[in-house]
1. Across region 296-309, what is the number of residues that are more than 11 Å from residue 504 (Cα to Cα) and crowded, with 23+ Cβ neighbours inside 10 Å?
2. Does region 353-379 hold any residues that are out of contact with any helix residue (DSSP H, G or I) (no Cβ under 6 Å at 6 or more places or on another chain), over 15 Å from residue 415 (Cβ atoms) and surrounded by 12 or more Cβ atoms within 10 Å (Cβ to Cβ), and which are they?
3. Output the number of residues of region 275-285 satisfying the condition of being near the ligand (Cβ under 8 Å from one of its atoms), surrounded by fewer than 18 Cβ atoms within 10 Å (Cβ to Cβ) and part of a helix (DSSP H, G or I).
4. Being within 15 Å of residue 212 (Cβ to Cβ), assigned to a strand (DSSP E or B) and at pLDDT 95 or above, is that true of even one residue in region 290-298?
5. From (1) more than 15 Å from residue 484 (Cα to Cα); (2) buried (at least 23 other Cβ atoms within 10 Å of the Cβ); (3) within 16 Å of the ligand (Cβ to nearest atom), pick out the condition that doesn't hold for residue 288.
6. Somewhere in region 163-170, is a residue at pLDDT 95 or above and either within 16 Å of the ligand (Cβ to nearest atom) or touching a strand residue (DSSP E or B) at 6+ places or on another chain (Cβ under 8 Å) (or both)?
7. Determine, yes or no, whether residue 405 is assigned by the TED database to the domain that holds residue 356 and free of Cβ contacts under 8 Å to residues at least 40 places away in the same chain.
8. Would you be able to tell me the number of residues in region 194-247 that are under 20 Å from the mean Cα position of the chain (by Cα) and in a loop (DSSP other than H, G, I, E, B)?
Ligand code: ADP
């Protein structure tokens, strides 16, 4: 993973930001668009700073701290290349201290009543909502997603805190009918302990709250490692957690050298659980690394979502749903439709209506109101998309729309539709994680199910059909953790999110989302007669 790390001089973030903005003026269309955006970005940064939410140090034991060796890393705006801030670049030592602080705090936090923890979480939720705009601006600036999507993510992210504040009060045990008359058998559910939460850049807030919400609600304490691409949203959210009264040490944030931080978390005997969202490759490493200390592991890994459009689909519903499932966050989510399987009878009709809908997507800086497609996260992401499209065309697929970098430059890529994609192409086999929709023709329902399941991934799947029996049959046959029927956006805090096969372990959100943070204890009380 390419990460811009520098031992930068200790310049204030504002200084760096303005210096970068000043260099962005030029005569070309690309640069002038960039310059216009940087003006907006300057105002946005001012707003965030004025709210006290521009944090650049890590959070350990309730204190904002620099990296012990003074190292920093640059956080860039992918839409403009401007440096937004330099944040602390931490490693093993800081992570060990964060773990120690979480471990000490565990004893007091877990002893509070569920109601007390619930009230504090509720306050955090309210603060997240109260600062919706600043958080959304931060997300658009460091991640690139359009403001509308960023505002949606703040609501979605905050909803996990609200949901688990409520759920904290419903961690019920059991009483088991005894096998001997003088005994009573009880089941208690207790917090697992210190949790290491490692999160990605594509949802800078929601992937954190989806983990930290149930962890804190159940009485666990947490060390969060956000992505080095998007630490600013994480740090702002942590600031609001402190303001809400989450005690010092219950929520710690470290970022910087990912393998070092990961190793410190995995090697610690005090960390009892690792919860991770990110690539399958890193997830496998974390799972292997956790074996030595036998930690519980939850993994939300890559997907390769099929989106099946049957002949009997309502075409309008199918176009709207697959467009939403494919192009959310410019195709950079693990539940994005990765393969659009279209039945022969509807292929031409669907393809032309879908292309028309894709043409209406506006690419640009997420701060501009009309934008629905932001930039990709970095140059490596664009190169991956280019490689996948080249591979497909070299094997006989045809680009129907787009298929190249956008004239805006930077990491903008044209919303793309590729026709006649087949099983031997990278676009079929792997997650493209970009704004490219491959259309794959099929003949029968059996063939569609076979193609859909022909992958090691198993996170989300979608289907469009007006047949109720078919929607049951196919839902049951799909080897996926989530299935959307006639719907392209299905994630919600009240439903379980997670994958099967190599897409992961465990479920997040919903009442099931608490289980991974709880241990079951059986208590046998004897000689009661
Ligand atoms: P992506 O390719 O989507 O960025 P990654 O799996 O590389 O996905 O990143 C997800 C998270 O995992 C990020 O916070 C990243 O810094 C972190 N990460 C990457 N490599 C490691 C590692 N070796 N140990 C621990 N965390 C890691």
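The values are calculated or read from the model by the stated rules, or taken from the named source; none is laboratory data. Keep in mind that what you see is a predicted model, and the values were worked out from it rather than measured. Here the Cβ positions follow ideal geometry from the backbone for every residue, glycine too, while neighbour counts run over all protein chains shown.
1. Of the residues in that region, 6 qualify.
2. The answer is 368, 377, 378, 379.
3. Result for region 275-285: 2.
4. yes
5. Of the numbered conditions (1) more than 15 Å from residue 484 (Cα to Cα); (2) buried (at least 23 other Cβ atoms within 10 Å of the Cβ); (3) within 16 Å of the ligand (Cβ to nearest atom), the odd one out for residue 288 is (2).
6. No, there is no match, as no residue in region 163-170 is at pLDDT 95 or above and either within 16 Å of the ligand (Cβ to nearest atom) or touching a strand residue (DSSP E or B) at 6+ places or on another chain (Cβ under 8 Å) (or both).
7. yes
8. Final tally of qualifying residues: 12.
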